[in-house]
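Below you'll find the structure, written out as structure tokens, and then a few comments.
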Amino acid sequence: MENYPITISNDKDVHHFEVGEYVHHDEDKCKYKVFENGAYVASFTPDEHDFLHICQNPGGLNEELLHLVADQIEAHHPMGINDNIRKLKYEKYLDRLDWFWIGKYPCKIVFCGTGNKA
């Protein structure tokens, strides 16, 4: 796969990175390498749930910036990592809704876009 660019705005700084994905990686090596101005600055590896974790940080980037980079990489892969995130966020959303009963059946209150209860 070719490298692809991502741009991160952090406070007043704008960072332009290039991400390389190594599809045939093994457990001992990082799957995603990140470059800034041609220099290798960080890498990430997915866990068993496809969430990215910092693998190496030779550029000494701050952790907040690294998490923003990981978010962008995850968003770039909608068929894998992003589906897991979407599912977890949806489950978290459902957990916050209130339960009510219709006869003997439990239901959740769902709010419509207008703010009305359905």
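Return a yes/no flag: does region 21-31 have any residue that is part of a strand (DSSP E or B) and crowded, with 18+ Cβ neighbours inside 10 Å.
No, region 21-31 has no match at all.
Can you tell me which residue in region 1-13 is modelled with the highest pLDDT, limited to those that are over 17 Å from Tyr40 (Cβ atoms) and part of a strand (DSSP E or B)?
Result: Thr7.
Can you pull out the residues in region 40-66 that are small (Gly, Ala, Ser) and within 19 Å of Asn3 (Cβ to Cβ)?
Ala42, Ser43, Gly59
Listed residues His16, His49, His76, His53; which is under 16 Å from the mean Cα position of the chain (by Cα), exposed (fewer than 14 other Cβ atoms within 10 Å of the Cβ) and modelled with pLDDT of 75 or more?
Matching residue, one of His16, His49, His76, His53: His53.
The values are calculated or read from the model by the stated rules, or taken from the named source; none is laboratory data. Note that the structure is a prediction, hence the values are computed from the model and not measured. Counting neighbours? That spans all protein chains shown, and the Cβs are built from the backbone with ideal geometry, glycine included.
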